[in-house]
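The values are calculated or read from the model by the stated rules, or taken from the named source; none is laboratory data. Note that the structure is a prediction, hence the values are computed from the model and not measured. All Cβ positions, glycine included, derive from the backbone under ideal geometry; neighbour counts span all protein chains shown.
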């Protein structure tokens, strides 16, 4: 299957501890598994990667930084077969407690130029609720060292709408994050996923009106600092949008390697197994979805409406041979001020992003073709 992939994701599922809210594909760090996992990953990459020049690489998890220095060296050797564009955005995720000066030096040496760290919250009670830990002095130290060696493009994750969290708690988190002077902030409202500790413990979500107030508080706070709210959950300083995530939101092709990773190649969305036993036995793929024209049009809309750029009408017409207003009736959403349409794009009004899911559903319900 020939692909036009320009992006590549690699999943490292290992963590030192399991967060109470996490539904990602993850395993507790176990040294005996690591080399076998990297062996399987190397075989997957060499058997499926077709030699395209890649513009974004993202190593996520799990917690990639929990690998030892030598394990990280092995990982980067595996990745070295990937042909990178001159300005390739190369990101690695990590936690502050498993990131060291030595690892940061290694990142710089192999060409990583973007870091992503989980902070989630600075509140001790809420950290305990999430089964996380955070040393603020270490955070400052790691951020400062990263910048000192030229790793200036840094994202941090913030979680909000936690049980018993108040606006003043959120403000303290934002005050601390703003003091770090990072370039990108990803924000996530707590979602109670099945098979997580919080779900099993029957934790409930906070009131929806407080969730909305927190969302609006974050948006207003970060806008005052010059951050652009360019995607429902993401804010960046100008020029520091996540190029990798924009590949997903633009419905472009990408590789996904590793346990539980997903790929979008040609007209197929491919999901890897979440079973470590199967993965180590080189049975990588769990299932795949073969997309028809109708499916890809829906993805174009669902993903495009997540960003401030919206749906590119010219691109839509070029891909599907028909203008979008011939395929969908969305006039009510325009007339009721949920959507804005100009000559080139259709996008959700920024003050309606909080209800974007409902708007997207309404948009898709207006399909006019067989």
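Within the stretch 218-230, count every residue that is part of a helix (DSSP H, G or I) and in contact with a helix residue (DSSP H, G or I) (Cβ under 6 Å, 6 or more places away or on another chain).
Summing the residues that are part of a helix (DSSP H, G or I) and in contact with a helix residue (DSSP H, G or I) (Cβ under 6 Å, 6 or more places away or on another chain) in the stretch 218-230 gives 1.
Here's a check for you: in the stretch 171-192, which residue that is out of contact with any helix residue (DSSP H, G or I) (no Cβ under 9 Å at 6 or more places or on another chain) and part of a loop (DSSP other than H, G, I, E, B) is modelled with the highest pLDDT?
183
Being surrounded by fewer than 16 Cβ atoms within 10 Å (Cβ to Cβ), outside the structural domain of residue 223 (by TED's automatic domain parsing) and touching a helix residue (DSSP H, G or I) at 6+ places or on another chain (Cβ under 6 Å) is true for just one of 331, 323, 350, 337. Which residue is that?
323
So that you can scan it fast, the table gives a plain yes or no per residue for (1) more than 23 Å from residue 283 (Cβ to Cβ); (2) without any contact (Cβ under 8 Å) to a residue 40 or more places away in the chain:
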| site | (1), (2) |
| --- | --- |
| 37 | no, no |
| 55 | yes, no |
| 65 | yes, yes |
| 76 | yes, yes |
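Going by the conditions given, is residue 289 assigned to a helix (DSSP H, G or I) and more than 15 Å from residue 10 (Cα to Cα)?
no
Return the total of residues in the stretch 310-329 being within 28 Å of the chain's Cα centre (by Cα) and outside any helix (DSSP H, G or I).
3
Going through the stretch 330-356 one residue at a time, which ones are under 17 Å from residue 229 (Cα atoms) and part of a helix (DSSP H, G or I)?
350, 351, 352, 353, 354, 355, 356
Condition first: assigned to a loop (DSSP other than H, G, I, E, B) and within 18 Å of the chain's Cα centre (by Cα). Now tell me which residues in the stretch 292-309 satisfy that.
Correct list: 305, 306, 308, 309.
Examine the stretch 66-87 for a residue that is touching a strand residue (DSSP E or B) at 6+ places or on another chain (Cβ under 7 Å) and either modelled with pLDDT under 95 or not assigned by TED's automatic domain parsing to the domain that holds residue 241 (or both), and state whether such a residue exists.
Yes, the stretch 66-87 contains at least one residue that is touching a strand residue (DSSP E or B) at 6+ places or on another chain (Cβ under 7 Å) and either modelled with pLDDT under 95 or not assigned by TED's automatic domain parsing to the domain that holds residue 241 (or both).
Among the residues of the stretch 1-39, write down those that are surrounded by fewer than 21 Cβ atoms within 10 Å (Cβ to Cβ), touching a helix residue (DSSP H, G or I) at 6+ places or on another chain (Cβ under 7 Å) and at pLDDT 90 or above.
6, 34, 36, 38
Filtering the stretch 151-178 down to residues that are touching a residue at least 40 places away in the same chain (Cβ under 8 Å) and over 19 Å from residue 215 (Cα atoms), which residue is surrounded by the most Cβ atoms within 10 Å (Cβ to Cβ)?
Across the stretch 151-178, the extreme among qualifying residues is 153.
Residues that are assigned by TED's automatic domain parsing to the domain that holds residue 54 and surrounded by fewer than 19 Cβ atoms within 10 Å (Cβ to Cβ): list the strands (runs of 3 or more DSSP E) wholly contained in the stretch 231-278 that include at least 2 such residues.
none
Which count do you get for residues in the stretch 193-229 that are loosely packed, with under 13 Cβ neighbours inside 10 Å, at negative phi, over 22 Å from the mean Cα position of the chain (by Cα) and at pLDDT below 95?
The number of residues fulfilling the criteria is 6.
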